[in-house]
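One structure is given here, and the rest of the page talks about it.
Only the coordinates and a few stated rules stand behind these numbers; no lab work does. Worth saying up front: this structure is predicted, and the values here are computed from it rather than measured. Don't worry about glycine lacking a Cβ; one is built from the backbone with ideal geometry, like all the others, and counts go over all protein chains shown.
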Amino acid sequence: MGLNTQASFPGLLTSSYFLEYGHPKGSIEKRTTISEPLQKAGITTAGFHSNPYISDYMGWNRGWDVFYDSMEDELPPRIPYARGDVVTGKAIAWLSQYCGNGDYKPFFLWLHYMDVHEPYMPERNFIDMVDPGITLSEDEMYSLFQNTLLKRDVSDPAKVKMLKRLYDVHVKEVDGYFAQLLDQLKKLGLWDNSVLIVTNDQGDEFNEHGGLSHDDKMYSELIDAPLIVCNSGEEGTCDALVSNLDIPPTIIHLFGLDPVEKFEGHSLLPVADYSERGVYGEAIDQHSKRGGDLDRDIYYYREQDLKIIYRANLDTWEMYDLKADPKEQNNIVDVSPALWLRVWQGRMCNYPPYLKAYCHFGDVWRLLWYSLPFSHRLPCSCPILCIEVSAGR
C-alpha cells in the first residue's frame with residue numbers, strides 16, 4: 001500500500017513496488033500490468049478512470065481493449081477529474097453493449113473513482129443527503145481548499161473538521177455510483193456469475209499527524225485500506241495482514257491462469273492457503289521528488305501489530321505497537337530497543353527467500369523483494385470486476 005496514487009498503483013495494477021525499478025518516471029515500461037496477461041489469455045479487458053498519473057500518456061494503457069482516462073475531456077477548472085457519474089455511466093454503457101445480448105467472453109472490468117479526493121467540493125444534492133448542516137457555497141469550499149488544505153494549515157480545528165465533513169459527503173456520493181453499477185450487473189444477469197473486488201489506493205489525513213491530504217507519511221490513516229472480495233466462493237472475514245500487491249495475483253488465480261513471473265504478490269485465495277507475511281511500502285520524499293534516492297526516501301515495514309517507519313532524509317526511526325497505540329502517537333523505538341531489533345533485524349533480515357533485506361542500522365540500503373511461486377489455481381470463466389477509490393478509507 002502506498003500513500004498516494006504514484007506509490008500505490010504499481011502494487012494495485014502491476015503487483016510491484018513503487019521504487020522497485022528505480023526512479024518511478026518511465027518505470028511502467030518495465031512492469032507487467034494486470035491487463036496484459038489477461039488480454040493475452042483472450043479475456044476482454046476494460047478500464048474506466050480519470051486520474052492523469054495512470055493515464056494513456058503515462059503508459060498505463062497497455063493490455064486494455066477499452067481504456068477511458070478522461071484526458072481528452074473538457075473538465076471544469078476547479079474539479080480536475082471526471083466525476084463518478086461519468087465514469088460509472090461509461091462503464092454501464094460498455095457493459096450493456098458488451099453483455100447485453102448474453103453472448104460474451106469472460107471479461108475484467110476495472111473502475112477507479114476520484115471523487116473522494118481534494119478539492120472536496122461535493123455537489124449540493126449529496127451534501128443535502130448526507131450533511132445538510134453544511135451551508136458552504138462552491139466558492140467557499142474552493143477557498144477552503146486553496147487556503148487551508150493546499151497550505152496544509154491545521155491551525156483552525158473548525159476548518160479541518162469542515163474538510164473532513166466534505167470528505168465524508170464524497171464517500172456517500174461514491175456509494176451511490178457503486179450502487180448504480182451493481183444494479184446494472186443484476187439487470188444484465190451478471191451478478192451471480194461475477195467476482196467483485198473493492199479497495200482503495202490511499203487515505204487522507206485530517207491533522208492526525210499534523211497535516212492534511214496525503215503527503216510523505218506512513219501512518220495508518222494514509223496506508224491502511226479496506227479490501228472486500230465478493231462471490232469468490234469463500235465467506236467470512238479474514239484478519240490477515242495483506243498487501244495491495246496481492247490483488248493482481250488473486251485476479252490471475254481466479255481466472256485460472258498461470259502465475260505471472262514479475263508479480264511480487266501472492267494470491268489471497270484460497271484463504272486457508274494464504275501465508276501471512278510482513279507488509280512493506282516506500283515513497284519518495286515530497287520535497288525533492290527525486291525518487292530512488294536512498295538518502296531521501298521513506299519506508300515502512302509492518303509485521304502483525306508492530307510497525308517501523310524510516311525516513312532516510314532525516315535518518316529517523318519510528319516504531320509503533322498498533323494494538324496498544326492504533327493512532328500511532330507513541331513512538332517506542334527508543335524505549336523498546338530489544339523489540340525494535342527483533343522486528344527489524346531478526347524478523348526482516350532473516351525473512352523467507354522471497355525477501356532479501358540489506359539493512360544497516362542507522363541506514364537503509366534497499367529492500368528487494370522476490371515472489372514465491374504460486375501453487376493453487378481456481379479455474380474461472382466468470383467476469384472479474386475491480387473497483388477502487390482514490391483517497392478513500
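With 0.36 nm allotted per residue and the present C-alpha distance subtracted, the ASN330-LEU241 stretch has 29.9 nm of extension available.
Taking amide H as placed 1.01 Å from N in the peptide plane, the amide H of ASN200 sits under 5 Å from that of VAL389, each at least 5 places away or on another chain.
Label positions at ASP128 and ASP215, each projected 7 Å from the Cα along the C-beta direction, are separated by 3.8 nm.
In this structure, the residue pairs whose Cα-Cα separation is over 20 Å, taken from LYS25/LYS307; LYS172/LYS323; LYS164/LYS217, are LYS25/LYS307; LYS172/LYS323.
At an R0 of 22 angstrom, the distance between the Cβ atoms of SER55 and GLN146 translates into a FRET efficiency of 0.30. Taking 0.36 nm per residue of sequence separation and removing the Cα-Cα distance, the LYS262/ASP85 pair yields an extension gain of 60.2 nm. For region 1-121, the relative contact order is 25 percent, taking Cα pairs closer than 8 Å that sit 6 or more residues apart in sequence and dividing their mean separation by the residue count. Here the simple spin-label model places points 7 Å from the Cα toward Cβ, and for ASP305 and TYR21 these points are separated by 4.0 nm. By the beta-carbon count within 10 Å of each Cβ, the least crowded to most crowded order of ILE228, ILE298, fewest first, is ILE228, ILE298.
Residue ranges 32-40, 311-319 sort as 32-40, 311-319 when ordered by packing (mean number of other C-beta atoms within 10 Å per residue, highest first). Of the GluC sites (Glu not before Pro) found in region 34-138, those in coil by DSSP whose Cβ has at most 12 other Cβ atoms within 10 Å are GLU72, GLU74.
Taken about its Cα centre, region 90-203 carries a charge dipole of roughly 240 debye when the Cβ of each Lys and Arg holds +1 and the Cβ of each Asp and Glu holds -1. Between ASP156 and THR135, the FRET efficiency from the beta-carbon distance, with R0 = 22 Å, is close to 0.80. Among MET141, MET114, the order by Cβ neighbours within 10 angstrom, fewest to most, reads MET141, MET114. Counting neighbouring Cβ atoms within 10 Å and putting the fewest first, the residues HIS253, HIS23 line up as HIS23, HIS253. Ranked by the mean number of other Cβ atoms within 10 Å per residue, highest first, peptides 76-83, 58-65, 15-22 order as 15-22, 58-65, 76-83. Extension gain, LYS164-LYS30: 0.36 nm per intervening residue step, less the Cα-Cα distance, totals 44.4 nm.
Between GLN97 and LEU75, the simple label model (points 7 Å from Cα in the Cβ direction) yields a spacing of 2.2 nm.
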